[in-house]
Amino acid sequence: MNLNLFKSKPLSDEELVQKFRKTDDIDLLGKLFSRHIPLVYGVCLKYLKNRDDAQDETMAIFEKLKNELQKSEVEFFKSWLYVVTKNHCLMLLRSRQSQLKKEKEFEKSEASFMENAFEMHPDNEWEPDAMNERLKECLSKLRDTQRSCIELFYFDQLCYQEISDSLSLDIKKVKSYLQNGKRNLKLCMELVYD
């Protein structure tokens with residue numbers, strides 16, 4: 001007697017998908033996913049170029065599948081999973097690039113606004129009282145908004161958001177006024193030293 005006759009044929013991917021959608025049985029999803037872990041990991045590794053990231057995102061995709069399979073019509077699971085994996089990796093890379101770009105812009109803008117001791121206080125033999133008088137004179141030559149931003153930032157030590165709220169200005173305008181005001185102050189102060 002042939003025992004193989006009594007063994008049931010394994011369910012296809014698509015049959016497992018249908019059964020999972022009806023029962024929401026996570027074990028079925030695990031069985032389905034385990035068949036394709038090498039595919040998912042390989043795609044993640046191809047796009048992310050890092051084994052640890054590829055392993056992490058392989059698990060993230062498994063967690064994502066439960067919801068995705070319930071709301072998507074899937075004819076060919078393997079092809080569908082490939083596209084889901086690829087899109088997941090591309091979105092992650094896009095998000096990382098966007099975050100990196102924001103960080104670089106922030107560092108760049110912060111670097112230009114941070115007080116540099118040499119620029120703001122050139123090495124000279126001036127007496128403090130004479131320096132203060134010259135600073136007041138140069139401050140008075142600034143446009144009103146530049147002067148207000150400089151005074152609030154450097155003398156009152158308010159942050160950008162506080163200045164923005166206080167003067168009813170967009171925060172980007174505050175940064176611009178500070179940058180331009182600082183540059184104009186520096187130019188004015190340097191005229192004395194030439």
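No value in this document is a laboratory result; all are computed from the given coordinates. Being a predicted model, the structure only gives us computed values, none of them experimental. Backbone-built Cβ (ideal geometry, glycine too); neighbour counts: all protein chains shown.
Data table
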{"item": "For the range 10-110: Kirkwood Rh in Å [reciprocal of mean 1/r, alpha carbons]", "result": "14.8 Å"}
{"item": "Distance (nanometres) between label positions extended 7 Å along Cα→Cβ at Asp53 and Asp165", "result": "3.8 nm"}
{"item": "Centroid-to-centroid separation of the range 18-84 and the range 142-194 [C-alpha atoms, Å]", "result": "53 Å"}
{"item": "Rounded FRET efficiency, nearest 0.05, which uses the C-beta distance separating Leu100 from Ser72 and R0 of 22 Å", "result": "0.10"}
{"item": "Dipole in debye (nearest 20) - the range 10-110, about Cα centre, beta carbon charges: Lys, Arg +1; Asp, Glu -1", "result": "300 debye"}
{"item": "Potential lengthening between Ile37 and Ser140 on full extension [0.36 nm per residue; Cα-Cα distance subtracted]", "result": "30.2 nm"}
{"item": "Contact order relative to length of the range 10-110, as percent, for alpha carbon pairs under 8 angstrom and 6 or more apart", "result": "31 percent"}
